[in-house]
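Undergrad: Sharing a structure with you now.
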Amino acid sequence: MAEAAEAAGVIDEERYALTQLTRLAPEHTAYTDRLQELGGATEEAAAEVLPNLNRRPKGRLRQRRSLWPTTSRLNLNRRLP
C-alpha cells in the first residue's frame, strides 16, 4: 500500500501505510527512513491498536473428518459378487 501511494503521489496515504509498517516490522529501516522524510508518523495510525497475531485460538480445534472411508467405516467382511 505504501508503494502504491508513493507511486500515485498520495502523501497522506503513504504516511499512514508507512506508520503501520514501522510498527509491524521495525527491523526494516527503509520504512522508517522514508516515513521520516515525509514528516513522521501520523497520529491516527500510531494510535490504532494492532492485532495480536501471536495469540492462540480459544477452545479446542476441531479435527476435520476425512473424505476417505477408514477401515472402521468399511465392511471388510462382506463378500464380493
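The values are calculated or read from the model by the stated rules, or taken from the named source; none is laboratory data. All figures in this text were calculated on a predicted structure; none of them were measured in a lab. All Cβ positions, even for glycine, are placed from backbone atoms using ideal geometry, and neighbour counts span all protein chains on display.
Undergrad: Select from region 12-36 the residues that are surrounded by 14 or more Cβ atoms within 10 Å (Cβ to Cβ) and of a type in the set (A, V, I, L, M, F, W, C) and write down the one among them that is nearest to Leu50 (Cα to Cα).
TA: Going residue by residue through region 12-36, those that are surrounded by 14 or more Cβ atoms within 10 Å (Cβ to Cβ) are 13-23, 31-32, 34-35.
Right, trim to of a type in the set (A, V, I, L, M, F, W, C) and you get 17-18, 21, 35.
Working: Ala17: 13, Leu18: 14, Leu21: 11, Leu35: 18 Å.
Top of the filtered list is Leu21.
Undergrad: Only residues in region 1-19 that are under 15 Å from Thr32 (Cα atoms) and among the polar types (S, T, N, Q) count as the first member; pair them with residues that are buried (at least 16 other Cβ atoms within 10 Å of the Cβ) and modelled with pLDDT of 90 or more, Cβ under 8 angstrom, at least 6 apart or cross-chain, and list the lot.
TA: Thr19/Leu35
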